[in-house]
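These notes concern the structure reproduced below.
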Amino acid sequence: MQLLDIPTAIPEKVERLLDPVIRSVRENAAERSPDEWDHFEAQLVRWEQDPGELEDEGLEPPNQETIPLIREVARTLRDLAVEPPLRLVPNCEAGAVFEWRTTPFLWSVEVERDGSLELSIFRTGRLVTRYRIA
């Protein structure tokens, strides 16, 4: 895994981490509504209001410390005109993972409990690249 320089603010982390991906997907993002991001905000609100739902599935749900980080990453992605992800799922360690698919690639941004971010890019099911910003 390649470790990138460490910016301090979440928006700087997201922008640095995703710069190559953002440039490649911006064209598709123009066709999609920024309102689609509202679905993920509603999902975060549900996680805040009912964390027991995820605990029932054996997952450590995002909590009062990580949900603001996840929300800030989502806002930054939206502000950078990145298309909304296909889904947002808990990562089992109180964080969450945003996932996109652009054939033949699957890429994800993981928000971890400590505020670090990780970008993973897969091509036809094989890991191609993984970057992490602490």
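Test of understanding: what is the full-extension gain from residue 12 to residue 122, defined as 0.36 nm times their sequence separation minus their Cα-Cα distance? Walk me through the numbers before you get to the answer.
On the way: separation 110, 0.36 × 110 = 39.60 nm, distance 2.36 nm.
Answer, rounded to one decimal: 37.2 nm.
Remark on residue 96: its backbone amide H falls under 5 Å from those of 91, 111, a criterion applied only to residues 5 or more positions apart or on other chains, H modelled at 1.01 Å from N.
Taken together, the values in this text are just the output of simple stated rules run on the coordinates, not laboratory data. The structure displayed is predicted, hence computed values, not measured ones.
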